[in-house]
Amino acid sequence: MKTVFISRTVDPKGQLRAFCAANQIQLIDQSLLSFKGVCPIEKPMETDVVFFTSPRSVRFYFSYFKYKNEYLATIGTSTANELQKLGLSVDFTGTTPSHPEVVAQELKLWLGERTVLFPQSQRSNRTMQQVLNPNQLLDLVVYETHLKPIKFANRPNYLVFTSPSNVEAYMLSNKLENDQFVMSYGTTTSTYLEENGVKNLCLSEPTEHAVVDALKKV
């Protein structure tokens, strides 16, 4: 039986699990990371905008701070949805979360001269910040990302990595072989894999639909 590993938990009733069951493929859906909130020692300076790069950054930030009428911006719709669950309106949503370098340019145009706060992990790639004026941004670590490597007894035939940190955790205990088909969620993860000598398919979007579509073509 062939095996698919994806470095996140998938929807129990979702498209990927159904596809694997129908095609007698074992599915292993498990993050290789753990997360811990970090309460900032000092309250950050007020900014015009708060930009969130993931639903997780939303949850940790609002566990420490209250909304104060700032503009709210997100890298994509799943993060925007997390804000809307809190009853908050979203002023900017990136159109291509799989390509954060594109969202960064969109954000730069939208921001203008406004200042922006980035709640993030200590392992953030800071793609957005790299295109902005350093004087208009503020980084704030609100959670830590820790690697949780797992040694796989049998090598998965197909691997789907959702972040560079998950790739790093996998490679601490496992070797990526040429006969494994590797997929990545977004250009940041794809680039990290390539830098480590791993060929991969960068999925068109970070969704189960994109994974299934790719598996059908293998």
- request: Please enumerate the residues belonging to the range 149-191 that are of a type in the set (Lys, Arg) and either outside the structural domain of Thr207 (by TED's automatic domain parsing) or free of Cβ contacts under 8 Å to residues at least 24 places away in the same chain (or both).
  value: Lys151, Lys175
field: Sole exception among (1) surrounded by fewer than 13 Cβ atoms within 10 Å (Cβ to Cβ); (2) more than 20 Å from the chain's Cα centre (by Cα); (3) part of a helix (DSSP H, G or I) for Leu215, by number
entry: (1)
query: Restricting attention to the range 103-141, which residues are aliphatic (A, V, I, L, M) and surrounded by 15 or more Cβ atoms within 10 Å (Cβ to Cβ)?
result: Val103, Ala104, Leu107, Leu111, Val116, Leu117, Met128, Leu132, Leu137, Leu138, Leu140, Val141
statement: Of the residues in the range 90-101, those that are in a loop (DSSP other than H, G, I, E, B) and within 21 Å of Val160 (Cβ to Cβ) number 4
message: If I filter the range 13-33 for residues that are in contact with a helix residue (DSSP H, G or I) (Cβ under 6 Å, 6 or more places away or on another chain) and of a type in the set (Ser, Thr, Tyr), do I get at least one hit?
response: no
field: Candidate set: the range 145-184, residues that are small (Gly, Ala, Ser) and under 26 Å from Lys216 (Cα atoms); chosen: the one nearest to the chain's Cα centre (by Cα)
entry: Ser163
message: On the basis of being in contact with a strand residue (DSSP E or B) (Cβ under 7 Å, 6 or more places away or on another chain) and within 18 Å of Ser98 (Cα to Cα), does Thr79 make the cut?
response: yes
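Residue-by-condition table, conditions (1) among the β-branched types (Val, Ile, Thr); (2) assigned to a loop (DSSP other than H, G, I, E, B):
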| site | (1), (2) |
| --- | --- |
| Val103 | yes, no |
| Glu106 | no, no |
| Trp110 | no, no |
| Phe118 | no, no |
| Arg126 | no, yes |
| Asn135 | no, no |
| Asp139 | no, no |
| Tyr143 | no, no |
| Asn154 | no, yes |
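The values are calculated or read from the model by the stated rules, or taken from the named source; none is laboratory data. No experiment lies behind these values; they were computed from the predicted model shown. Reconstructed Cβ throughout: ideal geometry from the backbone, glycine too, with neighbour counts over all protein chains shown.
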